[in-house]
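Here's the structure, in structure tokens; my notes come after.
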Amino acid sequence: MQELTVKLWRVPGKERLYVNLSGARGEAVAWLDCRTGAVEIKVERLRAAALAKVEEWVAASGRPIPARTVTAASPEPAPIRVQQDPPLRPTAVAAASIPALPPFTAEDDLAGNLPGTGVQGMIREEMDQRKWLVRVAAKLAGDPLTSQKLVTGLRGEEIVGSHLNGLRGHGWHVLHSVPLPSGADIDHVVIGPPGVFTVNTKHHPDSSVWVGDKRVLVNRVSYPYLANAEFEAARVTRLLERWCGHSVPVRAIVAVVGARKITVQGSPIVEVLDGERIASLLTGRPASLAPHRVDSVFTVARRRSVWAQIGKRG
């Protein structure tokens, strides 16, 4: 039996208890809404163990949690069958223009990145900039010494990443915190039968989000999320098509987490959706890549050395 751990998560207006697998990855198995008593099971084979952990925590906390109502997460996606055409054979000229992949090493492999790896690095860098004595005093005083913006962003990426990880093993591949030469990263890159998706996570707890054709308002404040995400997806398209030698459909998604309300009007240039529903929304799309194409794109995309070339002319 795999060991399970529990972790309480709070934002204004929401409080959840997450039941996770132990270890560095800590995949979510279930969660309890402490205000309503709703429990969502994300890993069905661990249902009984997860429910036992929930009840153990409720009993120990002594809090008046409402009676539990248990539901299962969206069913695991069924394998998608598409016409498997024989791999296209590039012409001699086209083949010569495809860069040769360097030798594959463990250091080059991005497949093991956890959600929020880039943000965690920023938090560590921020901590390192503090003097040793200040860090000791803050620790004794219980001061995290980390900006709330970074902590909120990290939690958002962890939530969306947990949902996306459920796609793995069902014809999909997921990469987290894909580093770029600028020092920034792409929160998540998802590769599956419907194509490639660059996912930008935005964590806005208890906020009202309005989405128009070309802009996003969060509590009436405008953010350039759509233009930035569109630009990012266009760069990824050029990068992957150059290294794969064939057409790669890449679409941008802005995944909003924690919002009280999301209103979409018109036809936004980039799709904005509820980050906690992202897995089920992606699996319902029509297939455009055969399985061998999905795997070949992932073989390229998992390499750190490939992303180091983004924006450079071939």
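A short reminder: the numbers here are calculations on the coordinates, not readings from a lab. Just so you know, these numbers come straight off a predicted model, no measurement behind them. We place every Cβ from the backbone using ideal geometry, glycine too, and count neighbours over all the protein chains shown.
Which distance in Å, rounded to a whole number, links the C-alpha centroids of the stretch 40-73 and the stretch 243-288?
Comparing the Cα centres of the stretch 40-73 and the stretch 243-288, I get a distance of 30 Å.
If you stretched the chain out fully between Phe104 and Asp206, how much longer would it get, using 0.36 nm times the residue separation minus the C-alpha to C-alpha distance?
32.4 nm
Sorted from fewest to most neighbouring beta carbons within 10 Å, what does the list Ile65, Ile269 look like?
Ile269, Ile65
Take every Cα pair under 8 Å in the stretch 4-72 that's 6+ residues apart, average their separations, divide by the length, and report that relative contact order as a whole percent.
Relative contact order of the stretch 4-72: 27 percent.
With 31 Å as the limit, write out which pairs from Lys202/Lys312; Lys42/Lys214; Lys7/Lys312 have Cα-Cα distances beyond it, or answer none.
Lys42/Lys214; Lys7/Lys312
Going by C-beta contacts inside 10 Å, put Cys34, Cys244 in order with the fewest on the left.
Final ranking by Cβ density, sparse to dense: Cys244, Cys34.
For the residues Arg235, Arg155, what sequence is obtained by ranking on other C-beta atoms within 10 Å, fewest first?
Final ranking by Cβ density, sparse to dense: Arg235, Arg155.
Less than 12 Å Cβ to Cβ from Ile186, Lys/Arg counted +1 and Asp/Glu -1: what total charge do the surrounding residues give? Don't skip to the end; give the middle numbers.
On the way: positive: Arg235; negative: Glu157, Asp185, Asp187, Glu232.
My count for the surroundings of Ile186 gives -3.
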